[in-house]
Structure formats: C-alpha cells, structure tokens
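What follows is a set of notes on a single structure, which appears directly below.
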Amino acid sequence: MKSKLVLLAFLSTSVVALSGFSLFGGDKEEGSVSLQRMADAMFAVMEADRANYTKEVVHRMQNVEKIVDADEFWEDKKALPLPAQMFRLGAERVAEKDLGFTYGLLSQWPINKQNKAKTKTEKEGLAYIAENAGENFYGSEKLGSDTYFTAVYPDVAVSKACVSCHNEHKDSPRTDFKLGDTMGAVVIRIKAD
C-alpha cells in the first residue's frame, strides 16, 4: 500500500510539473523553452549526427578499412558524401518542410564559396566563435519582413579525415587545420515572429 501511495504522489507531482510545459512558447511563459534552448537542443542532435557520420562512417570506411572513399563528387564516383554534403542534404530536406527554421554550415575559410557568411550576424558569429574557442554566439536579425533568432555554433574537426580533406583541397583558403580546431560553424536560424 505504501508503494502505491508513493507512486501516486510521484505521478501527481509529475503531472503538475508538466502541465505548464510548452515547447515553442516564449521565454516569459512558465514552463516554456526559450529559442536559445531550442536551438541548443537542435544543435546537440546535429552535432552528434555529424560527428558520428564523420567518425563511424567516413573515417572508418575510408581511412581505416579502406573500403570506399568520401568524395565531393560522390554520386559520379560511387563514393560516400562528404560530411558537409551529408549535412547540407539534411538541411535541404528540413527546409522543404517550412517549419520556421533553417540550418547550415558556414565558414570563414569555405572550400565551397556558397558556405561563406553573408549577413552581418553570420559574420559576427563566425568571428566570435573563431576567437572564443568552445563558445556559441547568439543574435537577432531581420531578413526581409521577418525577425530571426540566429545561433552560431563551432564546427570542430573531430577526425583526421576532416583535417586532411580541408588542408589538402585545392580550393581551401586555409591549409593548417589541426584536430580539434574550429573549421567553421553550424548556423541555426529560427523565425521569432
């Protein structure tokens, strides 16, 4: 009987604690999740998937087992997509759903020029994370008639495959990356209106 009362008390407390929870509410609502916390959670998933693909698929298949290479012309060469390409494929698929947010990879040293910062907030964010190792950058920007919460996270070289690819690529503006260096950024933009 005592265990049933403890369980009932726990369940009642849990229901009361969760009753005000709102995932997409503003910062001022009780139990809501801020746009920053939402972006941080999204980045945690993206970063984990990106690191696992890089280490467990690309590095293992290309560098350790030497079964298949990763190549920027992966479709033509029947190779693995590069980690940046895999990330872009996911970002494009999410963008098709028009969920009020976008994400992508940018860099101060992009191999592919389309990955260069364009907005003032992107440029400020890339400079900030390059100068402040391990820190994130948060800002707000107006694009067209919409206001966005923009978060910029360091994209770190997690594998020798990252470093060698960037350092050896003919179009790379920087060729001295080391394991653990910030090579660019993941930028998450969430519509705030």
Segment 85-104 residues that are touching a residue at least 40 places away in the same chain (Cβ under 8 Å) and closer than 19 Å to ALA39 by Cβ, paired with ones that are surrounded by 14 or more Cβ atoms within 10 Å (Cβ to Cβ) and among the polar types (S, T, N, Q) (beta carbon under 8 Å, 6 or more apart): GLY104/ASN115
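ALA117 - would you say it is at pLDDT below 95 and buried (at least 19 other Cβ atoms within 10 Å of the Cβ)? Lay out the reasoning, then the answer.
Numbers: at pLDDT below 95: yes; buried (at least 19 other Cβ atoms within 10 Å of the Cβ): yes.
For ALA117, the condition - at pLDDT below 95 and buried (at least 19 other Cβ atoms within 10 Å of the Cβ) - is met.
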Some residue of segment 69-87 being in a helix (DSSP H, G or I) and touching a Pro at 6+ places or on another chain (Cβ under 6 Å): yes
Odd one out for THR121 among (1) part of a helix (DSSP H, G or I); (2) under 20 Å from ASP71 (Cβ atoms); (3) polar (S, T, N, Q); (4) touching a residue at least 12 places away in the same chain (Cβ under 8 Å): (2)
The listed residue being over 26 Å from the mean Cα position of the chain (by Cα) and either at pLDDT below 95 or over 21 Å from ILE111 (Cα atoms) (or both), out of ALA17, ALA84, ALA70, ALA48: ALA17
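Identify the residue in segment 133-186 that is aromatic (Phe, Trp, Tyr) and within 27 Å of PHE101 (Cβ to Cβ) and, among all such residues, is surrounded by the most Cβ atoms within 10 Å (Cβ to Cβ).
Initially, segment 133-186 is screened for residues aromatic (Phe, Trp, Tyr), giving 137-138, 148-149, 153, 177.
Still in the list and also within 27 Å of PHE101 (Cβ to Cβ): 137-138, 148-149, 153.
Numbers: PHE137: 20, TYR138: 17, TYR148: 23, PHE149: 19, TYR153: 25.
The extreme case among them is TYR153.
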Leading residue by the ranking (surrounded by the most Cβ atoms within 10 Å (Cβ to Cβ)) among those in segment 37-82 that are polar (S, T, N, Q) and in contact with a helix residue (DSSP H, G or I) (Cβ under 7 Å, 6 or more places away or on another chain): THR54
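The values are calculated or read from the model by the stated rules, or taken from the named source; none is laboratory data. Here the structure is a predicted model, which means the values were calculated and not measured. Quick reminder, even Gly has a Cβ in these numbers, built from the backbone with ideal geometry, and neighbours come from all protein chains shown.
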